[in-house]
1. Please list 3J(HN,Hα) in residue order for the range 73-78, calculated via the Karplus relation 6.51 cos²θ - 1.76 cosθ + 1.60 where θ = phi - 60°; whole Hz, with x for glycine and proline.
2. Would you kindly work out the equivalent ellipsoid of the chain from its C-alpha gyration tensor and give its semi-axes, the square roots of five times the eigenvalues, largest first in whole Å?
3. Quick one: which residues, 5+ away or cross-chain, put their amide H under 5 Å from the amide H of residue 53? H built at 1.01 Å from N.
4. Amide H of residue 35: which non-local residues (sequence gap of 5 or more, or other chain) have their own amide H closer than 5 Å, using H built in the peptide plane?
5. Compute the helix-to-body angle for 37-49: its Cα long axis versus the longest principal axis of the chain, expressed 0 to 90° and rounded to tens.
6. Could you give the dipole magnitude of the chain about its Cα centre, charging the beta-carbon of Lys and Arg +1 and that of Asp and Glu -1, in debye to the nearest 20?
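What follows is calculated from the coordinates using simple rules that are stated; it is not laboratory data. The structure displayed is predicted, hence computed values, not measured ones. Here the Cβ positions follow ideal geometry from the backbone for every residue, glycine too, while neighbour counts run over all protein chains shown.
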Amino acid sequence: MRYVKLGNTGLDISPIALGCMTFGEPSRGYPTWTLPEDESRPLICQAVEAGINFFDTANAYSEGLSDSELRATAASINMLPASPGPAPKPAP
């Protein structure tokens, strides 16, 4: 996969993002069409294997469960750095 720079942050990201709004827990009722962790995990793993490192997520997606599922999968496949380090500076 070819990567592109994210503005002038120095971060290399995939030009394709995986949208994570679909990940959540349908039994919670909002939204009912979300995928639970056991079903979202293979999709996340396949994206990582393909070289995707850009994930579209928000704390509003599935009332925060989307973030939780992504983080749990990332941790289980050692995708997260040992130390997150400093946040990149925003572009001027």
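1. 5, 4, 5, 5, 10, 6
2. On the way: eigenvalues 124, 44, 33 Å².
Ellipsoid half-lengths, sorted descending, are 25, 15, 13 Å.
3. For residue 53, the qualifying residues are 14.
4. 23, 24
5. So the inclination is approximately 20 degrees.
6. Numbers: 6 positive and 10 negative charges, 87 e Å.
Dipole size: approximately 420 debye.
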